[in-house]
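**Student:** Would you mind keeping the following structure in view while I ask a few things?
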Amino acid sequence: MSTPPRTRPEPVQVIKQRRDAALAKLVSTVPYIGFLGITFDRRGDELTAILPYDDKLVGNPVLPALHGGAIAAFLETTAIVELSWAIAWDEIEQGGGTKPVPTGKPKWPKTIDFTVDYLRSGLPRDAYARARVNRSGRRYASVHVEAWQDNRARLFAQATGHFLMPGT
Amino acid sequence: MVDGRQRDNAEFARAFIAALPHSVALGMQVIDVSPGQAVLEMPYDARFVGDPDAGIIHGGAVSALMDTCGGIAVVSRDAEVLGTATLDLRIDYMRPATPGQAIRAEAECYHITRSVAFVRAVALDDDRDRPVATATGAFTVERAS
């Protein structure tokens, strides 16, 4: 018995390049992501959003602490990019990733509602966030986001939002 | 901070907002303040766009405006309130803001206890009859004593 011939797997750097290009394409089109300075670190399909500290993000200069609005925007952006990335991921990995980076403009989900819990004040340093798509249907999605600074287990904010899927 | 007992509300709100770098960065301006109520405006700015094809302002910028407006409604509620921080804020997005138009937030602190203030807010563009977004939130209350 002989096993059927297998196609040779793609070199890892080709896969990484394709994934990183898809992510960069998604993120670079949004001016507000650039304004806040948010970047995304990708490990496989897992994204970590990074909000590098900047003076313009401060809301309480006495403490000092990050502005609640900047935190809300950071979490909402993380949720939207995670959801779009989850949609794009299936597309770029289809057929063993033989397709190039998805062409055309990214289609963004629309926020229906977004609720932020502020657990402790945001310190004047870098912040990180990860989102989890708890439910993604044909029309609606529910996404949870957690944000932390120095210690992954000590969240300084969390949020839940509902989104209308693109094309609905 | 400002001496609460003899402060002028609008003046206090302007000084308050001028001290918040993020609100300054977003170009927020105080339009009107009365006890427990605040009206702020954020001019249209291409840097705040979330949907570049349509030129629609990012929901996060609208959140930041309503959060700041809510905070000012809390500190203007009575003279003993010196500061506040957001405990939670829920935003409902009704429709995209019309590109090119300023966004106005109106917030009301409708109930306050020793430690907690309850706020509702609405975000509007030029079409004042159709809100862009609404928000409800709870804020901490920092008192003088």
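The values are calculated or read from the model by the stated rules, or taken from the named source; none is laboratory data. As the structure is a computational prediction, the values presented were derived from the model and not from experiment. Backbone-built Cβ (ideal geometry, glycine too); neighbour counts: all protein chains shown. Please note that ligands, DNA and RNA were not included when accessible areas were found on the heavy atoms of the full protein model with its side chains. Shrake-Rupley method; radii C 1.70, N 1.55, O 1.52, S 1.80 Å.
**Student:** Counting residues that are buried (at least 23 other Cβ atoms within 10 Å of the Cβ), at pLDDT 95 or above and not hydroxyl-bearing (Ser, Thr, Tyr), which helices (runs of 4 or more DSSP H) fully inside segment B:1-97 reach at least 2? Working first, answer last.
**Tutor:** On the way: elements: B:9-18, B:21-25, B:59-75.
Passing ranges, in order: B:59-75.
**Student:** Here's another thing I want to ask about it. I need a count of the residues in segment B:32-77 that are among the acidic types (Asp, Glu) and free of Cβ contacts under 8 Å to residues at least 60 places away in the same chain.
**Tutor:** Step one: list which residues in segment B:32-77 are among the acidic types (Asp, Glu), which gives B:32, B:41, B:45, B:51, B:53, B:67.
From the residues that got through so far, the ones that are free of Cβ contacts under 8 Å to residues at least 60 places away in the same chain too are B:32, B:45, B:51, B:53.
The total comes to 4.
**Student:** Moving to a separate point now. Among (1) more than 12 Å from chain A (Cβ to nearest Cβ); (2) within 23 Å of residue A:33 (Cα to Cα); (3) of a type in the set (Phe, Trp, Tyr), which single condition is residue B:93 missing?
**Tutor:** The failed condition is (1).
**Student:** If you don't mind, there's one more thing I want to ask. Of all residues being at pLDDT 95 or above and of a type in the set (D, E, K, R) in segment A:125-138, which is nearest to residue A:60 (Cα to Cα)? Just the residue, please.
**Tutor:** A:125
**Student:** A follow-up question, please. So which of A:92, A:87 ends up being modelled with pLDDT under 95, open to solvent by less than 50 Å² (accessible area, probe 1.4 Å) and over 27 Å from residue B:70 (Cβ atoms)? Lay out the reasoning, then the answer.
**Tutor:** Values: A:87 fails: open to solvent by less than 50 Å² (accessible area, probe 1.4 Å).
Of the residues listed, the single one that is modelled with pLDDT under 95, open to solvent by less than 50 Å² (accessible area, probe 1.4 Å) and over 27 Å from residue B:70 (Cβ atoms) is A:92.
**Student:** Can you tell me which residue in segment A:39-62 is least open to solvent (accessible area, probe 1.4 Å), limited to those that are in contact with a Ser or Thr (Cβ under 6 Å, 6 or more places away or on another chain) and not charged (D, E, K, R)?
**Tutor:** Restricting to residues being in contact with a Ser or Thr (Cβ under 6 Å, 6 or more places away or on another chain) and not charged (D, E, K, R), the top hit is A:49.
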